[in-house]
Amino acid sequence: MLRDITLGQYYPADSLLHKLDPRVKIVGTIIYIAILFVADNVWGYLLAAMALGVMIVMSKVPVRFIFKGMRAIIFLLMITVVFNVFLTPGRVLFQWKAIKITYEGLLIAGTMAIRLIFLIVGTSIMTLTTTPNQLTDALEALMSPFKKIKLPVHEVAMMMSIALRFIPILMEETDKIMKAQMARGAGFDSKRLTDRAKSLIPLLVPLFVSAFRRANDLAMAMEARCYRGGERTRMKPLQYCSRDYMSYAVLWIVLIGAIVIRVLLPAMV
Amino acid sequence: MELIKTKDCVYEYVKHDADGNECGKVRAVDGVSLDVEQGDFIAILGANGSGKSTFAKHLNAILVPNEGSVYVDGKLTSDPDNVWDVRQCTGMVFQNPDNQIIGQLVEEDVGFGPENLCVPTNEIWQRVEESLKAVGMYAYRKKSPAKLSGGQKQRVSIAGVLAMHPKCIVLDEPTAMLDPKGRKEVIRAARALNDVENISIILITHYMEEVIYANKVFIIDNGKVVMQGTPKEIFARVDELKQVGLEVPQVTLLAHELKSRGLNIADAVLTEAELIEELKKCSNL
């Protein structure tokens, strides 16, 4: 059962977005989020929708796959919509006893929902087209200015990539420990929440012990291979090429477009 | 000049009881002296807890001796300035394959060592290719280590060390967690490196079958070297080996028992073929 969990939902394909430098994709995602929050009228949202549509087509990831990520936030989405619809004051459209729906409520709920959906889809396009390794590399590169104020950027990136490497190993281990404890009569499927929480103790204690032991071994193996922190060369260095510069240009143009739309055209609410 | 030279190497650690109080010192390594020449295939044998792994860690400057000295390629390991040179010169492969693979792809893991040595990017790729080919894992370079068998993972670990261009590779019980097929793969890879590239191999193990290819064998018990010699010389002393808790290969044991019952068989028969030859000689009489 634990094997089914997939972390980092990379979808391998041969597309322009996959080939793009991961740094561009991270910056692009940030710009895209900025565009979503700059938009305050129909034209702004249309621009964001267009940008999203173009990205989905370029990524060559099946649409079904992209929207699978939506299931996780459907609950959050519903709460946001319900609260906004019923609790926003303004011009009343419909009233029944204490419940009233206002024009402003509908508008805000609608834009909120669109923003959330666009946000999730936009960011999941980044994780779908970028391997976890590329992501950590890009984060390290983008954060490197912070090395000047003594932030351990390289170490944090290394920790992230090692954590990713050990996820499948620890999953397998959890599975093993669970089976071993079940063979000794432990139950993990009790209906009561307190029992369930208690049953996790014989699972978590051995798991933690073994994780520390692994960490110790790994640290020794890394030292034995001359690892000494930041000062090292790269086997796969990140290198910008012309398509990356072009993407940067396009991104900035779209952002400026979004700002112009906000400034020149009237807001909806 | 010897590649590795240890002189009366002693390693002690303070033992703690369950409450964390000190309760005496343990001498894990007790005065080990041995020399390794370039191109040697050395096997260090010992039962569990004999101190063989602790000793192995001295060859890579992970541990430094409390007394005595360890020289690797003429450099004293206890000098902090020499640590990185020593570790580049003698690579180390550990027991658990999962706990020593750092990369998320086979090729990235092999590149980890050269990256740390600040080798230029082009040369890293060259070294990765050579090393993976040397252990026969080149076809798997784009695979995730999680998808490999135990023997394959250990070969990747060996390639990772090899890419650092060491003069000597220390294998610390590399086969303890593997099935028989994986064990054979790993030993074959180590022998090939020794034969073809003339890299010294120091194999720490408790499987007697694996040491028959070594040109020198050391038996460690309680932190001391109790026997040394060629595999032939060592295997002739079956009773002593049993005393230090080691299992003799079945063929050797059978030959030894037959000899002690009066059959005219040579000492230290190591392979089935040898035993068959010996038995044929007997039946001709």
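If you go through segment A:112-155 and keep only what is part of a helix (DSSP H, G or I) and in contact with a Pro (Cβ under 7 Å, 6 or more places away or on another chain), you end up with A:Gln134, A:Leu135, A:Asp137, A:Ala138.
Mind checking whether some residue in segment A:188-200 is open to solvent by 40 Å² or more (accessible area, probe 1.4 Å), modelled with pLDDT of 90 or more, over 30 Å from A:Leu107 (Cβ atoms) and out of contact with any Asp or Glu (no Cβ under 9 Å at 6 or more places or on another chain)? Checked against the condition, which is being open to solvent by 40 Å² or more (accessible area, probe 1.4 Å), modelled with pLDDT of 90 or more, over 30 Å from A:Leu107 (Cβ atoms) and out of contact with any Asp or Glu (no Cβ under 9 Å at 6 or more places or on another chain), segment A:188-200 yields no hits at all.
Among the residues of segment B:10-52, those identified as assigned to a strand (DSSP E or B) and in contact with a Ser or Thr (Cβ under 7 Å, 6 or more places away or on another chain) are B:Tyr11, B:Ala28, B:Val29, B:Val32, B:Ser33, B:Leu34, B:Val36, B:Ala43, B:Leu45.
Within segment B:272-279, is there a residue that is in a helix (DSSP H, G or I), over 22 Å from the mean Cα position of the chain (by Cα), outside the structural domain of B:Ser53 (by TED's automatic domain parsing) and crowded, with 17+ Cβ neighbours inside 10 Å? Yes - at least one qualifying residue is present in segment B:272-279.
Determine whether segment A:96-109 contains at least one residue that is among the small types (Gly, Ala, Ser), open to solvent by less than 30 Å² (accessible area, probe 1.4 Å), under 27 Å from A:Leu17 (Cα atoms) and touching a residue at least 12 places away in the same chain (Cβ under 8 Å). No, because not a single residue in segment A:96-109 is among the small types (Gly, Ala, Ser), open to solvent by less than 30 Å² (accessible area, probe 1.4 Å), under 27 Å from A:Leu17 (Cα atoms) and touching a residue at least 12 places away in the same chain (Cβ under 8 Å).
Only residues that are under 19 Å from B:Pro145 (Cα atoms), at the interface with another protein chain (Cβ under 8 Å from one of its Cβ atoms) and surrounded by fewer than 21 Cβ atoms within 10 Å (Cβ to Cβ): list them for segment B:118-134, please. Selection gives B:Trp125 alone. For the subset of segment A:202-240 comprising residues that are open to solvent by 50 Å² or more (accessible area, probe 1.4 Å) and among the β-branched types (Val, Ile, Thr), which member is nearest to the other protein chains (Cβ to nearest Cβ)? Step by step, filter segment A:202-240, then rank; the result is A:Val209.
Of all the residues in segment B:214-234, those that are farther than 30 Å from B:Lys25 by Cβ and either in contact with a strand residue (DSSP E or B) (Cβ under 9 Å, 6 or more places away or on another chain) or in a strand (DSSP E or B) (or both) number 8. Filtered by the rule that a residue be in contact (Cβ under 8 Å) with a residue 40 or more places away in the chain and open to solvent by 10 Å² or more (accessible area, probe 1.4 Å), segment A:38-51 gives A:Val38, A:Asp40, A:Val42, A:Trp43, A:Tyr45, A:Leu47, A:Ala49, A:Ala51.
Would it be correct to say that B:Gln95 is open to solvent by 40 Å² or more (accessible area, probe 1.4 Å), under 26 Å from B:Ser53 (Cα atoms) and polar (S, T, N, Q)? So B:Gln95 fits the description; yes.
Total residues in segment B:238-285 satisfying the condition of being touching an Asp or Glu at 6+ places or on another chain (Cβ under 6 Å) and more than 30 Å from B:Lys224 (Cβ to Cβ): the figure is 1. Looking across segment B:145-165, the residues that are open to solvent by 10 Å² or more (accessible area, probe 1.4 Å) and more than 8 Å from chain A (Cβ to nearest Cβ) come down to B:Lys147, B:Leu148, B:Ser149, B:Gly150, B:Gln152, B:Lys153, B:Arg155, B:Leu162, B:His165.
Say we look at segment A:52-95 and pick out the residues that are aromatic (Phe, Trp, Tyr) and surrounded by 11 or more Cβ atoms within 10 Å (Cβ to Cβ); which of these is farthest from A:Tyr11 (Cα to Cα)?
Step one: of segment A:52-95, the residues aromatic (Phe, Trp, Tyr) are A:65, A:67, A:75, A:83, A:86, A:94.
Within this subset, residues satisfying the condition of being surrounded by 11 or more Cβ atoms within 10 Å (Cβ to Cβ) are A:65, A:67, A:83, A:86.
On the way: A:Phe65: 9, A:Phe67: 13, A:Phe83: 35, A:Phe86: 39 Å.
For segment A:52-95, the residue satisfying everything is A:Phe86.
Taken over segment B:193-209, residues that are outside any loop (DSSP other than H, G, I, E, B), of a type in the set (Val, Ile, Thr) and open to solvent by less than 60 Å² (accessible area, probe 1.4 Å) amount to 4. Annotation note: of B:Lys133, B:Lys167, B:Lys153, the sole residue that is in the same structural domain as B:His206 (by TED's automatic domain parsing), charged (D, E, K, R) and closer than 18 Å to B:Asn99 by Cα is B:Lys153. I need the full set of residues from segment B:85-117 which are touching a helix residue (DSSP H, G or I) at 6+ places or on another chain (Cβ under 8 Å), hydrophobic (A, V, I, L, M, F, W, C), more than 7 Å from every other protein chain (Cβ to nearest Cβ) and closer than 17 Å to B:Asp172 by Cβ, in order please. Listed by number, the residues that qualify are B:Val93, B:Ile101. From the list A:Leu170, A:Leu128, the lone residue that is open to solvent by less than 40 Å² (accessible area, probe 1.4 Å) and either under 30 Å from B:Phe112 (Cβ atoms) or hydroxyl-bearing (Ser, Thr, Tyr) (or both) is A:Leu128. Taken over segment B:66-84, the criterion of being open to solvent by less than 20 Å² (accessible area, probe 1.4 Å) and under 14 Å from B:Gly31 (Cα atoms) is satisfied by B:Val70 alone. Of all residue pairs spaced 6 or more apart or on separate chains, those with beta-carbon atoms under 8 Å, a first member in segment A:137-163 that is open to solvent by less than 70 Å² (accessible area, probe 1.4 Å) and a second member that is of a type in the set (Lys, Arg) are A:Asp137/A:Lys236; A:Ala138/A:Arg23; A:Ala138/A:Lys25; A:Ala141/A:Arg23; A:Leu142/A:Arg23; A:Val153/A:Lys147; A:His154/A:Lys147.
The values are calculated or read from the model by the stated rules, or taken from the named source; none is laboratory data. Here the structure is a predicted model, which means the values were calculated and not measured. Please note: Cβ atoms are built from the backbone with ideal geometry, for glycine as well, and neighbour counts cover all protein chains shown. Just the protein is used for accessible areas: all its heavy atoms, side chains included, with ligands, DNA and RNA removed. Shrake-Rupley method; radii C 1.70, N 1.55, O 1.52, S 1.80 Å.
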